[in-house]
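Structure, as structure tokens:
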Amino acid sequence: MGTPTSRDFYARDKEEQKAFLETTWCDHCMKADLGMQEPVEYELEGTTFIEGQCLQCGQAVYTELTDDDI
């Protein structure tokens, strides 16, 4: 596995940031759209991810961006 390359989540448009922070899936809560805080964006092996903490339980949540998202 490669080394992640840091990206600037806050360089994104405010509306895009809002959408990524609200449209989530938490594997711990098993629920959608609970929200995310403390987002960190990075690229790993050609795929962009946004990782943060679930607003409900605090566990890690990940969003994998597809070409349609970018």
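The values are calculated or read from the model by the stated rules, or taken from the named source; none is laboratory data. Model, not experiment: these values are computed from the prediction. Here the Cβ positions follow ideal geometry from the backbone for every residue, glycine too, while neighbour counts run over all protein chains shown. Calculation scope for accessible area: heavy atoms of the full protein, side chains included, ligands and nucleic acids excluded. Shrake-Rupley method; radii C 1.70, N 1.55, O 1.52, S 1.80 Å.
Below, the figures for the structure above:
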quantity: For the chain, the fraction of alpha-carbon pairs in successive 5 Å shells from zero, as %; calculated: 4, 17, 29, 25, 17, 8, 0
quantity: Calculated FRET value between CYS57 and THR3, using beta carbons and R₀ = 35 Å, to 0.05; calculated: 0.75
quantity: Of all accessible heavy-atom area on the chain, the percent that carbon and sulfur account for (1.4 Å); calculated: 47
